[in-house]
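Participant: Please see the structure below; I have some questions.
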Amino acid sequence: MPQRSKNIEKICILGGGTAGWMTAAALSHKLKGLPVHIELVESDEIGTVGVGEATLPLIRNFNEALNIDEATFMKETEATFKLGIEFCNWGRPGDRYIHPFGDYGRPIDGLPFYQAWLRLRQLGDTSRLDEYAYSIIAAEHARFQRPSADHTAIDGGFGYAYQFDSSRYARFLRKYAEAKGVVRTEGKVALTDCHPENGFVRSLTLDNGKTAAADLFVDCSGFRGVLIEQALKTGYDDWSHWLPCNRAIAVPCESRGAFAPLTRATAREAGWQWRIPLQHRVGNGHVYCSSFISDDEATTRLLENLEGPALAAPRQLFFTTGRRRKFWNRNVVAIGLSAGFLEPLESTSIHLIQEGITELLQLFPDQSFSTLDADEYNARMGLSFERVRDFLLLHYVANQREQGDLWLHFQNLKLPDSLEEKLSAWMTRGHIIAYEFGTFLPPSWLAVLLGQNLVPRGYDPRVRKIGDDRLRMEARRLRDAVQAAVEKTPKHADFIRQVGAGSGSTPIMAGMI
C-alpha cells in the first residue's frame, strides 16, 4: 500500500496587517484541535498599506464564523454600518446613484421588479427605481437597523457591511489569534531557502538571525510578494490597459458631513475620490492615473475636497492593477496584496482576502501538495479577480462625460469578452447574465447599469401579461411600504449607541444626519 501523506504540521504566515492577521485568526480557529503550529512573521519597520476600510456584507460571515461579537468588534475598530456605496458624477457630472446591498422591490409573478419598472417607465412613470429599495432610502435618510427576520418583509432580505479602521481591525484580530496559540515573530526576511529539486520554500532567515521553517507558507507580504514573486518568480498579469489608475493618496480628516451608512465614490477629472465615515474620523483617498494628472495636483484636489481638517499627512500609494498568474504556487499561497490588486472602488480588497482564506480552508493541503488542489484554488481565485475586474471596469466604460482624457479613453476601449457579452445582453433585452460564482449578484450590476444611464432598449415581454393597471398598483404599494418602513427606522448614529457598538471616543452627535 502507498504510504499516507503527512498532515501539515507547521504554517508560516509572512506579513501582518489586515491580510496576515485575518489569515492567522481564521486558520487558528478552524484548525483548532489539530496538531498544527502557526507562526506569523512581520516587521514593525515595514508597516502595512492598511487596505480596506470599507467592506462588503460577507465580512459578517467571516466574523460570525470566528464567533466575534459584533458590538465588541465595532467598538474596537471604530466601525459604522454600511448599506451600500454612493457614486457621484460617474455617468455624467451631477449624476448620483447608490449601489445597495439588497434588491429592488419584490418580484411580481416571478419576474424581477426592475422588469416591471422598465415597462412603467415606457408608460410615462417618472419614479426612480431607488424608491423601491428600502436600503437605499434608509441610507439617504441616514437611518439603519438590522434586516427584519422576515425576509419577505420590505425591510428584510437586504445585506449590510461595515466601515472600520483597518489597522485597528488587524490589532483586534492579532489579539484573537495570539489567544488561540499563533506565535508572532518580529523580523524582516533576509534570505529564502528553497528546495533545490522541487523549488518548495523550506525556511526563512530573518535579519535578526532567527529562522522560520514550515510546511505551508502564506504570503501576506503586500505588493512586494516576497515569497510568491521574489522567491518563486510566479509572474503577474498586468490589467492596467483596462484599469489604468495606478496611484492613490490617502488622508484621514475630522468628520463634518453626513453620518450616513454609506461609502462614497466621487468621480474626478483623472480618477475618483473615496469617503468612508467611521465613528472617530473620515477616511479619504484619491485614486488616479499618473498619465493624466501629477501627484501634486492629485494631492491638491484631494485636500481641496475634504469636509474637515486633515488629521495626518497625505500618504502616497503606488500600484499596478492585476493579479498573480498563480495564487498557489508549490507550497506558497498568496493572500491580500501579494495575490493582486484591484482598486477599492467597490470595497473588494478585504473581500478578496476573505475569499482567499475561505478557499484555502476548503482545499487545505497535506504535505503532498496535490496539484489538483492548487489548480482548483487558482481557478476559483482567478475567476473571482476577473469578475471583480469586469464590474469595476463597467463603472468607467459606462460614462457619458464629455471632458477628461481618462474618461474619453474608456469610451473607446476594447472590453474583455466577458464584459462585452454582459453589456450586450443587458442593452438588447434588459437581461443580466447571472454567474454561479462571483462577488456581485444581478442587483449590483443593475444598480450601476441604470445608475449610469444604460437603459435597455427592451424588457422581458412576460411583463405585459401582468397588466399595466396592476403594475401601477403594485409599484405604488411598494413605494408606500418602503417609505413607511424607513420612517420607523432609527437614525444610524442612534442605532450604533442603542446596540452598544459605540466606541466612547466618537464625535458622533445625534443631530448629524
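Participant: So what's the angle, to the nearest 10 degrees on a 0 to 90 scale, between helix 349-362 and the longest Cα principal axis of the chain?
Facilitator: Helix 349-362 and the main axis of the chain meet at about 60 degrees.
Participant: Could you derive backbone 3J(HN,Hα) for the range 287-295 from the dihedral phi with the Karplus parameters 6.51, -1.76 and 1.60 (θ = phi - 60°), listing whole Hz in sequence and x where the residue is Gly or Pro?
Facilitator: These are the phi-based 3J(HN,Hα) values: 9, 7, 9, 5, 6, 10, 7, 7, 4 Hz.
Participant: On to the next question. For the range 351-396, with only Lys/Arg (+1) and Asp/Glu (-1) charged at the beta-carbon, what is the dipole magnitude about the Cα centre, in debye rounded to 20?
Facilitator: 220
Participant: Roughly how many debye, to the nearest 20, is the charge dipole of the chain about its Cα centre, given +1 on each Lys and Arg Cβ, -1 on each Asp and Glu Cβ, and no other charges? Intermediate values should be presented prior to the final figure.
Facilitator: Working: 59 positive and 62 negative charges, 158 e Å.
With Lys and Arg at +1 and Asp and Glu at -1, about 760 debye.
Participant: Shifting gears a bit: Quick one: compute the contact order of the chain, relative version, from alpha carbon pairs under 8 angstrom and 6+ residues apart, as a percent. Please list the in-between numbers first.
Facilitator: On the way: 978 pairs, mean separation 116.9, N = 513.
Taking the mean separation of contacting Cα pairs over the length of the chain, I get 23 percent.
Participant: Helix 417-429 against the longest principal axis of the chain: what's the angle in degrees, Cα atoms only, rounded to the nearest 10?
Facilitator: Once rounded, one gets 20 degrees.
Participant: Just in the range 434-472: which trypsin sites (Lys or Arg not before Pro) are loop by DSSP and have at most 10 other Cβ atoms within 10 Å?
Facilitator: Working: sites: ARG457, ARG462, ARG464, LYS465, ARG470, ARG472; in loops: ARG457.
Sites meeting the loop and neighbour criteria: ARG457.
Participant: When THR23, THR72, THR263 are ordered from fewest to most other Cβ atoms inside 10 Å of their Cβ, what list results? Could you put the intermediate results ahead of the total?
Facilitator: Details: THR23 31, THR72 13, THR263 27.
Lowest to highest Cβ neighbour count: THR72, THR263, THR23.
Participant: Could you pull out the pairs from LYS10/LYS32; LYS75/LYS488; LYS6/LYS32 whose alpha carbons sit more than 23 Å apart here?
Facilitator: From the list (LYS10/LYS32; LYS75/LYS488; LYS6/LYS32), the Cα-Cα distance tops 23 Å for LYS75/LYS488.
Participant: Moving on. Looking at the range 111-207, which GluC sites (Glu not before Pro) are in a loop (DSSP not H, G, I, E or B) and have at most 16 other Cβ atoms within 10 Å?
Facilitator: Those satisfying the criteria are GLU197.
Participant: What is the Cα centroid distance between the range 252-281 and the range 115-158, reported in whole angstrom?
Facilitator: Using only Cα atoms to place each centre, the spacing works out to 24 Å.
Participant: Provide, for q = 0.24 Å⁻¹, the log10 of I(q)/I(0) from a solvent-free Debye sum over equal Cα point scatterers in the range 405-452.
Facilitator: -1.03
Participant: Give me D for the range 311-385 in µm² s⁻¹, whole number, from Stokes-Einstein with Rh from the Kirkwood sum over alpha-carbon pairs, 4 °C and 1.567 mPa s.
Facilitator: Value of D from the Cα-based Kirkwood radius: 96 µm²/s.
Participant: Moving on to the next point. For the range 85-241, how big is the tail of P(r) above 25 Å, as a whole percent of Cα pairs?
Facilitator: 61
Participant: How do HIS241, HIS409 line up, fewest other C-beta atoms within 10 Å first?
Facilitator: Sorted ascending by nearby Cβ count, the order is HIS241, HIS409.
Participant: Additional query: How large is the direction-averaged shadow of the alpha-carbon convex hull of the chain, in nm²?
Facilitator: For the chain, the mean projected area of the Cα convex hull comes to 26.3 nm².
Participant: For LYS422, go through the lysines and keep the ones whose alpha-carbon is under 28 Å away, minus same-chain ones fewer than eight residues off.
Facilitator: List returned: LYS82, LYS326, LYS414, LYS465.
Participant: Then there's this: In degrees from 0 to 90, rounded to the nearest 10, what is the angle of the helix 468-487 Cα long axis to the longest principal axis of the chain?
Facilitator: Here the helix axis deviates by roughly 60 degrees.
Participant: Another question, then. Rank these for me by crowding, CYS194, CYS245, CYS253, going from fewest to most other beta carbons within 10 Å.
Facilitator: CYS194, CYS253, CYS245
Participant: Also, I was wondering about something else. If you line up the Cα atoms of the range 71-158 on their principal axes, what length do they span on each, largest first, in Å?
Facilitator: 51, 38, 17
Participant: Additional query: How big is the convex hull of the Cα atoms of the range 225-272, per residue, in Å³?
Facilitator: Working: hull volume 7.9 nm³, N = 48.
Cα convex hull per residue, to the nearest whole number: 165 Å³.
Participant: Stretch LEU361-SER291 to full length: gain in nm at 0.36 nm per residue minus the Cα-Cα span? Spell out each step's value before the answer.
Facilitator: Values: separation 70, 0.36 × 70 = 25.20 nm, distance 4.07 nm.
Extending this stretch completely gives an extra 21.1 nm.
Participant: Which value, in debye to the nearest 20, gives the size of the charge dipole of the range 3-98 about its Cα centre, when Lys and Arg are +1 and Asp and Glu are -1 at the Cβ?
Facilitator: Dipole of the range 3-98, to the nearest 20 debye: 540 debye.
Here, each number is a calculation from the coordinates, and none is a lab measurement. Note that the structure is predicted; figures quoted are calculated from it, not measured. All Cβ positions, glycine included, derive from the backbone under ideal geometry; neighbour counts span all protein chains shown.
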